[in-house]
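The values are calculated or read from the model by the stated rules, or taken from the named source; none is laboratory data. Source: prediction; values computed, not measured. Positions of Cβ are generated from backbone atoms using ideal geometry, with glycine treated the same way; all protein chains shown enter the neighbour counts. What goes into the accessible areas is simple: the full protein's heavy atoms, side chains included, and nothing from ligands, DNA or RNA. Shrake-Rupley method; radii C 1.70, N 1.55, O 1.52, S 1.80 Å.
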Amino acid sequence: MKIFGHPASTCTRKVLMTLHETKTPFEFVLVDFAKGEHKQPAHLARQPFGQVPALEDDGFQMYESRAIARYIDEKAAAPLTPKNAQARAVMEQWISVETSNYSGHAMKFIYQFVFHREQTPETLKAAGAGLDLAYATMNRRLAAQPFLAGEAFSIADLCFMPYLEYLALSPAATKLVEHPHVAAWWASVSARPAWAKTVGR
């Protein structure tokens with residue numbers, strides 16, 4: 001299995017976390033943004049939108065990080081997917097929350113304070129309000145259980161993790177003080193050995 005990506009990419013980190021959690025052997029192939037490799041024909045043949053990551057597995061190719069994470073997990077006998085239908089549906093719900101109601105807001109702060117891509121004050125204000133709503137919703141969920149899908153760590157949890165790692169470097173880090181159950185969950189999941197490997201600690 002080959003993963004084409006960049007270790008600083010949030011979406012690449014979702015896939016790397018899945019690989020490390022499932023102990024799946026893989027080869028990492030760097031796609032160098034600085035050289036524009038993500039927009040070159042070789043990579044566009046793997047990922048037509050010029051993004052990362054992409055996967056090759058014995059002739060099978062795919063892209064989109066959340067789909068890749070599901071694929072890797074299923075090949076590893078699905079340790080990161082609940083067996084119960086309702087818990088599995090809740091996992092999918094929280095993956096959708098991350099996609100539609102969290103990551104876009106988080107990335108505005110990450111662009112501004114990590115990657116130094118200027119955002120307007122209005123953009124950051126709106127993104128902050130979006131994060132507040134997402135965290136309040138997560139906080140209610142995590143008040144009743146240790147992980148987003150239930151009693152076990154799942155793909156839903158790892159999908160949020162790359163953003164929180166980077167948000168710790170921005171003013172949005174202080175938002176966790178207002179949401180103690182989210183803060184406790186983040187302290188727990190970010191201490192997992194697989195995450196240390198993912199972010200190169």
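Looking at T137, T99, which one is touching a Lys or Arg at 6+ places or on another chain (Cβ under 9 Å) and polar (S, T, N, Q)? Steps first, answer last, please.
Working: T137 fails: touching a Lys or Arg at 6+ places or on another chain (Cβ under 9 Å).
Checking each option against the conditions leaves just T99.
One residue stands out among those in region 183-201 that are assigned to a helix (DSSP H, G or I) and polar (S, T, N, Q): the one that is nearest to W94 (Cα to Cα), which is S188.
Just one of (1) aromatic (F, W, Y); (2) open to solvent by less than 40 Å² (accessible area, probe 1.4 Å); (3) farther than 27 Å from T22 by Cβ fails for Y102. It is (3).
May I ask you to list the residues in region 146-161 that are open to solvent by 40 Å² or more (accessible area, probe 1.4 Å) and touching a residue at least 60 places away in the same chain (Cβ under 8 Å)?
A152 - this is the single residue of region 146-161 that is open to solvent by 40 Å² or more (accessible area, probe 1.4 Å) and touching a residue at least 60 places away in the same chain (Cβ under 8 Å).
I'd like the full set of residues that are part of a helix (DSSP H, G or I) and surrounded by 13 or more Cβ atoms within 10 Å (Cβ to Cβ), limited to region 52-73.
Result: S65, R66, I68, A69, R70, Y71, I72, D73.
The single residue among A76, A67, A89, A127 that is closer than 17 Å to G150 by Cα and without any contact (Cβ under 8 Å) to a residue 60 or more places away in the chain turns out to be A89.
Just one of the numbered conditions (1) modelled with pLDDT under 95; (2) surrounded by 13 or more Cβ atoms within 10 Å (Cβ to Cβ); (3) not basic (K, R) is not true of P82: (1).
When you check A143 against the structure, is it in contact with a helix residue (DSSP H, G or I) (Cβ under 7 Å, 6 or more places away or on another chain) and open to solvent by less than 10 Å² (accessible area, probe 1.4 Å), yes or no? Talk me through it step by step, then tell me what you get.
Details: in contact with a helix residue (DSSP H, G or I) (Cβ under 7 Å, 6 or more places away or on another chain): yes; open to solvent by less than 10 Å² (accessible area, probe 1.4 Å): no.
It is false that A143 is in contact with a helix residue (DSSP H, G or I) (Cβ under 7 Å, 6 or more places away or on another chain) and open to solvent by less than 10 Å² (accessible area, probe 1.4 Å).
With the requirement that a residue be assigned to a strand (DSSP E or B), among the hydrophobic types (A, V, I, L, M, F, W, C) and open to solvent by 70 Å² or more (accessible area, probe 1.4 Å), what does region 5-51 give you?
F28, L30 - these are the residues of region 5-51 that are assigned to a strand (DSSP E or B), among the hydrophobic types (A, V, I, L, M, F, W, C) and open to solvent by 70 Å² or more (accessible area, probe 1.4 Å).
On the stretch given as region 74-108, residues that are part of a helix (DSSP H, G or I) and under 21 Å from L164 (Cα atoms) total 19.
Listed residues Y111, Y135; which is assigned to a helix (DSSP H, G or I), open to solvent by 30 Å² or more (accessible area, probe 1.4 Å) and aromatic (F, W, Y)? Step through it out loud before you land on a result.
Numbers: Y135 fails: open to solvent by 30 Å² or more (accessible area, probe 1.4 Å).
Result of the check over Y111, Y135: Y111.
Among the residues of region 162-182, those identified as surrounded by fewer than 18 Cβ atoms within 10 Å (Cβ to Cβ) and in a helix (DSSP H, G or I) are P171, A173, T174, V177, E178, P180.
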